[in-house]
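Colleague: Sharing a structure below in C-alpha cells format, with a few things to ask.
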Amino acid sequence: MTDEQARAKLQAAEQEHLLAWYDTLSEHEQYDLLEQIDALDLDLLDVFRNYKQNGEPDRGELAPMGALTIPEIEQNHAKFETAGLDAIRQGKVGAVLLAGGMGTRLGFDKPKGMYNIGLSKPLYIFECLIQNLIKVVDQAGAFVPLFIMTSEKNDEDTREFFESMKYFGYNPEYIHFFTQDTAPAVDADGKILLESKSRIATSPNGNGGWFASLVKAGLLNFLQREEIEWLNVFAVDNVLQKIADPCFIGATILSGCESGSKVVRKAAPEERVGVLCLEDGKPSIVEYYEMTPEMTTSRESDGSLSYNYGVILNYLFQTKKLTELLHNQLPVHIVHKAVPYIDQNGEKIRPEYPNAYKFESLVLDLIHLQDSCLSYEVERFREFAPVKNAEGVDSVISAQELLRRNGVAL
Ligand code: UTP
C-alpha cells in the first residue's frame, strides 16, 4: 500500500492521526506502518459505533439445559471410553490448545504456558498439559495431533520454549503451531490507538477465530487429508485439563450430538461462570452477568439450580461443521481494558485503569451455531484448576492446591 492509499483509507474512516509521525519515521518503519494500515479491518469501527449506541445485543429466549451427569457417565464409562479410544486410534481426533491470550490478569510477561507452577522443581503450565495428553496417548497407543494457537505477541517465545523443553516428551511431528489474528484498540471516541509512532496498538482478537486462523495457516488440508473428524479445543490455563479425554469423546460421538462441552456443577448460584443453556431452542452459553436474579436463583423440583452447569473451556467440535460455519461471522465483543499508547505529543502512557476498547470474538459463541451440544459433567476438583490471577480466586495458589490434591508432585 502506498502512503496516498493509506491516507485515503484512513481519511474515509476519520483515522488520519495514525499517520501523524509518518514523515519522521525511517523508511523501514514507514513501510511497516503502511503494512499495518493495509491489514486494518475498519469494519470494526462500525461495530464499536453500534456498541456505543446500543450496547451488547439482546439475547434470545433462554431456557435451562440439563447435562449428562457424573453418575450417568460412570454407569456407561466402559462403553464411552472404548468408543473414544477407537476414535483416537483411528486418528479421528485432534486437540487444539488456545494459547494466544495475553494473560494480563496473571501479570506474567511471557506466554502463560511458560509459567512455572512448581515449588521444589520446575513444572510449567505447558508441561502439565502435555503430561495430561501423554496419559491418553499411552492409553490409546496412538498420538493425538496437537494444534497450538499462538498470537503475534507470543508466537516466537512459545515455539522456542517448546523446542528448548524438547516438547515435554511429545512427538514434535504431531505438534502444529499456528498464529491468530490481531485487532486494533480504540479510545472512547473510536480513534485507533498507536503504541509507538510506527505501530498501531493491537492485541489478539479473542479465541473465537481459532478455526479461521487454523485454516488461514493452511492446516485445513491437513485435517481433511488425515481425516481428523473431531477437534477438542481447550484453554491454556487449566492445569488439570483433560485433553482428548476418551470418555468425553466417546460419550459425544455416541450421543449423536454435533458438539460437546465439559461442564462443572456451579459452586454457588452467583458463581461467575458462563452457563450452558438453550437460547431459542439451540445450545448457547450465557455469561453470569447476562442472567437475571430470577434465572440465577431459579431451582428445579429436585432442588438443583436450573442454570446449573458452568463451562470450563473444553469443547469438542466436528471439523465438517466448523468448515461449513467458516463464513458465519461470530459476534464481536467489545472489552474495556488498560492499553498502553502514545498521546498526541508522542509520549508513552501506561494507564493503570481501562482506557481503551478491544475487539474479541469468543469460542463460546461457536456453541450457539451448533444444532446440538452434549453437556458433559465433570468433577470440578479433578478437572478444573484455572490459573487466571496472581492471587485469590483461580490463582497460582489455588491451582497448586488442586494439583496436590490430584497427586501431582510440585
Ligand atoms: P482468557 O479469557 O483467560 O484471556 O482466555 P487471556 O488473554 O488469556 O487472559 P487475561 O484476560 O488477559 O487475563 C481463555 C483462553 O483463550 C485463550 C487464552 O490463551 C486462554 O487459553 N485466548 C484468549 C486466545 O487464544 N486468544 C485470545 O485472543 C484470547
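The values are calculated or read from the model by the stated rules, or taken from the named source; none is laboratory data. All values derive from a computational prediction rather than experimental measurement. A quick note on method: Cβ atoms are made from the backbone with ideal geometry, for glycine too, and the neighbour counts reach across all protein chains shown.
Colleague: Among (1) touching a helix residue (DSSP H, G or I) at 6+ places or on another chain (Cβ under 7 Å); (2) among the basic types (Lys, Arg); (3) within 16 Å of the ligand (Cβ to nearest atom), which single condition is Lys388 missing?
Modeller: It is condition (1) that Lys388 fails.
Colleague: Got a number for residues in the stretch 113-134 being within 15 Å of the ligand (Cβ to nearest atom) and polar (S, T, N, Q)?
Modeller: Matching residues across the stretch 113-134 total 1.
Colleague: State whether one or more residues within the stretch 350-371 are surrounded by fewer than 20 Cβ atoms within 10 Å (Cβ to Cβ), of a type in the set (Ser, Thr, Tyr) and in contact with an Asp or Glu (Cβ under 8 Å, 6 or more places away or on another chain).
Modeller: The answer is no; no qualifying residue exists.
Colleague: Determine which member of the set Ala409, Ala356, Ala399, Ala385 is at pLDDT below 95 and not hydroxyl-bearing (Ser, Thr, Tyr).
Modeller: Ala409
Colleague: Hey, any hits in the stretch 318-328 for a residue that's closer than 29 Å to Ala268 by Cα and of a type in the set (S, T, N, Q)?
Modeller: no
Colleague: Please go through the stretch 163-187 and give me each residue that is more than 21 Å from Met114 (Cβ to Cβ) and within 16 Å of the ligand (Cβ to nearest atom), ordered by number.
Modeller: Asp181, Ala183, Pro184, Ala185, listed by residue number.
Colleague: Filter the stretch 86-112 for residues that are over 17 Å from Asn207 (Cα atoms), within 9 Å of the ligand (Cβ to nearest atom) and of a type outside the set (A, V, I, L, M, F, W, C) and give the result.
Modeller: Result: Gly107, single match.
Colleague: While we're on this one: Looking only at the stretch 282-297, count every residue that is out of contact with any Phe, Trp or Tyr (no Cβ under 8 Å at 6 or more places or on another chain) and surrounded by fewer than 19 Cβ atoms within 10 Å (Cβ to Cβ) and tell me the total.
Modeller: Number of matching residues: 9.
Colleague: Can I ask one more? Please specify each residue of the stretch 195-245 satisfying the condition of being away from the ligand (no atom under 13 Å from the Cβ) and of a type in the set (A, V, I, L, M).
Modeller: Correct list: Ile200, Ala201, Val215, Ala217, Leu219, Leu220, Leu223, Ile228, Leu231, Leu240, Ala244.
Colleague: Give me the pairs: first residue in the stretch 51-73 and more than 13 Å from Ile285 (Cα to Cα), second residue of a type in the set (D, E, K, R) and outside any loop (DSSP other than H, G, I, E, B), beta-carbon distance under 6 Å, and six or more apart or on different chains, which are they?
Modeller: Pairs found: Ala67/Glu377; Thr69/Glu377; Ile70/Glu377.
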